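First the structure, in the form of structure tokens, and then the observations on it.
The values are calculated or read from the model by the stated rules, or taken from the named source; none is laboratory data. What you see is a predicted model; the values in this text were computed from it and never measured. With ideal geometry, Cβ positions are generated from the backbone for all residues, glycine too; neighbour counts draw on all protein chains shown.
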Amino acid sequence: NTVSVIGLGYIGLPTAAVIASRGINVIGVEINQAAVDTINKGEIHIVEPDLDIVVKSVVSTGNLKATTQVEKADAFMIAVPTPFLHTQEDEHKPDLSYIESAAKAIAPVLEKGNLVILESTSPVGATEKLAGWLKQARPDLSFPQDVGDSADINVAHCPERVLPGYVLQELVSNDRVIGGISSACSEKAATLYKTFVRGECIITNARTAEMAKLTENSFRDVNIAFANELSTICDQLNINVWELTKLANRHPRVNILNSGPGVGGHCIAVDPWFIVDSCPEQAKLIKQARLTNDAKPYYVIEQIREAADQFKRPVIACLGLAFKADIDDLRESPALQIVTALSKENIGEIIAVEPNVKSLPKDLAGKVKLASLQEAVKDANVIVVLVDHKEFKSADKTVFAKKVVIDTRGIL
Ligand code: SAJ
């Protein structure tokens, strides 16, 4: 049996490698030629712990091969991005163009008996759309939306739910929600997932599976928004939010998350908008949570301005640029957003500390200095903790005492 994974990014590549490690032949399809060449050398183009070892091994056994051209396979797993489109009327319209392109690419090679799985996080209805695009391109085949269980091609949605930094463990250990367009679609998809998933494979329909994934990330976003709102209320009332949260969490049915400088990453700050786009009238709290979390970096910037104003020559040390602790991923990071905004103002000298990167992104170069924690803290009069990296949590903080400190992560 051969599995084809379309899109070899943060989700597709680990998925392809794990399936290949079970002795299954995997063809990885990726439009980026440089990524294809890297993978075929047994190397990786993304950062994820231990992924390099697995890819090296499955490429050397011949179980994983990357290519830019779609080939025949028994199952196709689509793991392409689903960002949002910024239109004039709406800033957050889901963009299904990558899924549509993937459908058009695999349609010509589809054969009776094939299974097509959508892994990308998608708005409700996207799997039905995918099946529609496939049907349009292949009127000679039958599809589950028309003939149910007897279809030539089966189509299902199985959303990925892995946490960056723990992808290889979570790919195998997490439970999977499997939503077929028909029950035959779900059964076939579950059989494939059971070859590499140790968690439970739970069957539902495609729309519920789509909504389950969006719900998980919206749940987290709403809860982080609660914590972020609480932190600004506490600032007003002169209460330490970290102490308050600890105390409230002593209640057996209360579990408040941690406030921070905002919500970053490619999922939690995006997926709730898919629900808002589907049901704007109903999704009021979900939308407000997005707005609350998106406003938090501006609140922190204002706090930094006020702190800097106290000094003739402000030197601001910003600890952390990544979107969360102990990763090197700076994309969609509120910490980076804050440092970038400061670098455009005439606010003083800015020093960034990011133990997980060797150089600063291009638009910070020349405006912000990258330094070690010791160096930055020594020179600074204002210290801003933006990420709770382990290097910061374990640092000797006696020097912090003489400085003005804005601790958005509560590490002190
Ligand atoms: N954050 C806080 N306070 C908290 C927790 C998180 O401010 O108490 C911030 C983080 O600093 C970060 C952002 O939220 O900026 C998101 O971080 P995260 O660790 O909550 O989540 P992600 O984006 O790395 O991964 C999420 C996971 N979803 C859930 O936990 C429900 C993961 O399982 C999903 O697979 C992933 O989104 C995805 O791909 O959708």
What's the number of the only condition in (1) surrounded by fewer than 19 Cβ atoms within 10 Å (Cβ to Cβ); (2) farther than 30 Å from GLU89 by Cα that CYS279 fails to meet?
(2)
Which one is farthest from the chain's Cα centre (by Cα) among residues in segment 326-359 that are under 21 Å from VAL377 (Cα atoms), buried (at least 18 other Cβ atoms within 10 Å of the Cβ) and small (Gly, Ala, Ser)?
GLY348
Looking only at segment 6-30, count every residue that is aliphatic (A, V, I, L, M) and either touching a His at 6+ places or on another chain (Cβ under 9 Å) or within 16 Å of the ligand (Cβ to nearest atom) (or both) and tell me the total.
4
For segment 359-410, how many residues meet the condition of being assigned to a loop (DSSP other than H, G, I, E, B) and under 13 Å from ALA335 (Cβ atoms)?
9
Name the residues in segment 246-295 that are hydroxyl-bearing (Ser, Thr, Tyr) and either closer than 13 Å to ALA225 by Cβ or within 14 Å of the ligand (Cβ to nearest atom) (or both), would you?
SER259, THR292
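So is CYS234 in a loop (DSSP other than H, G, I, E, B), of a type in the set (A, V, I, L, M, F, W, C) and either more than 9 Å from the ligand (Cβ to nearest atom) or in the same structural domain as CYS318 (by TED's automatic domain parsing) (or both) or not? Give the derivation first.
Details: in a loop (DSSP other than H, G, I, E, B): no; of a type in the set (A, V, I, L, M, F, W, C): yes; either more than 9 Å from the ligand (Cβ to nearest atom) or in the same structural domain as CYS318 (by TED's automatic domain parsing) (or both): yes.
For CYS234, the condition - in a loop (DSSP other than H, G, I, E, B), of a type in the set (A, V, I, L, M, F, W, C) and either more than 9 Å from the ligand (Cβ to nearest atom) or in the same structural domain as CYS318 (by TED's automatic domain parsing) (or both) - is not met.
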In this structure, is PRO164 in the same structural domain as GLU100 (by TED's automatic domain parsing), under 25 Å from SER101 (Cβ atoms), modelled with pLDDT under 95 and within 14 Å of the ligand (Cβ to nearest atom)?
yes
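Conditions tested, residue by residue: (1) under 26 Å from SER173 (Cβ atoms); (2) free of Cβ contacts under 8 Å to residues at least 60 places away in the same chain; (3) outside any helix (DSSP H, G or I).
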site	(1), (2), (3)
ALA225	no, no, no
GLU229	no, no, no
ILE239	no, yes, yes
LEU244	no, yes, no
PRO252	no, yes, yes
ILE256	no, yes, yes
PRO261	no, no, yes
ALA269	yes, no, yes
ILE286	no, no, no
Condition (residue is among the acidic types (Asp, Glu) and within 12 Å of the ligand (Cβ to nearest atom)) applied to segment 320-327: is it met by at least one residue?
yes
Could you pull out the residue among LEU373, LEU412, LEU386 that is touching a residue at least 12 places away in the same chain (Cβ under 8 Å), in contact with a strand residue (DSSP E or B) (Cβ under 9 Å, 6 or more places away or on another chain) and within 16 Å of the ligand (Cβ to nearest atom)?
LEU386
Here the residues within segment 204-231 that are surrounded by fewer than 18 Cβ atoms within 10 Å (Cβ to Cβ) and more than 14 Å from the ligand (Cβ to nearest atom) are THR204, ARG207, THR208
